[in-house]
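Novice: I have a structure here, written as structure tokens, and I will follow up with some questions on it.
The values are calculated or read from the model by the stated rules, or taken from the named source; none is laboratory data. Because the structure is predicted, anything quoted here is derived from the model rather than measured. Positions of Cβ are backbone-derived with ideal geometry, glycine not excepted, and every protein chain shown enters the neighbour counts.
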Amino acid sequence: MTHHDIKLPKIGLTFSRAIMPQLGKTEDFLKQLDRHGIKYSHEKIHPKNLKASQSEFNYDAIRSLMTNPKKARSSVVISSDNHVVDGHHHFVASYNLDQEQKVIRVHLPILDLINLVKKFPTTTYKTVDDVKSVRGILESIKTSVREKIKNTKY
């Protein structure tokens, strides 16, 4: 199977993977939402109703999830306007398998949600190839973004 065999869903936004937040452990993420008073719900949705927020994908990771459907069942975090925030590879695997996706819908529009989660201490960043050498640069960008949005109220 080549990357041409994997169908990509609608791309709602075209952020690179390197600037998309990786939310870490689900329990920690949900605790952060609770601390900020942000509502969320657990749902199932067909992936054709979702939109990607990043434009880069690791096709080997997607292929691995497609061949191990139990692994592909992890929840994907989405915004109130159906953009995927975290779990893009799981989302694309479910899209290709034509199977409903478990989601955690955070009741904020995509850009507000991205700005909020950049403040969370458990948020990290990865490139499409998970290259570790750029993590230091990304951490300094994250710190800069945190400073700029520090006074934003949610």
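Novice: I need the full set of residues from segment 96-124 which are closer than 15 Å to Gln32 by Cα and aliphatic (A, V, I, L, M), in order please.
Specialist: Within segment 96-124, Ile104, Val106, Leu108, Leu113, Ile114, Leu116, Val117 qualify.
Novice: Restricting to segment 30-62, and then to whatever is among the β-branched types (Val, Ile, Thr) and under 16 Å from the mean Cα position of the chain (by Cα), can you tell me which residue is surrounded by the most Cβ atoms within 10 Å (Cβ to Cβ)?
Specialist: Among them, the one singled out is Ile62.
For every residue, the table says whether it meets (1) modelled with pLDDT of 65 or more; (2) surrounded by 12 or more Cβ atoms within 10 Å (Cβ to Cβ).
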{"residue": "Gln101", "(1), (2)": "yes, yes"}
{"residue": "Leu108", "(1), (2)": "yes, yes"}
{"residue": "Val117", "(1), (2)": "yes, yes"}
{"residue": "Phe120", "(1), (2)": "yes, yes"}
{"residue": "Asp130", "(1), (2)": "no, yes"}
{"residue": "Ser133", "(1), (2)": "no, no"}
{"residue": "Ser140", "(1), (2)": "no, no"}
{"residue": "Val145", "(1), (2)": "yes, yes"}
{"residue": "Lys150", "(1), (2)": "yes, no"}
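Novice: Keeping to segment 1-29, report how many residues are among the charged types (D, E, K, R), under 14 Å from the mean Cα position of the chain (by Cα), under 17 Å from Ala61 (Cβ atoms) and modelled with pLDDT of 75 or more.
Specialist: 0
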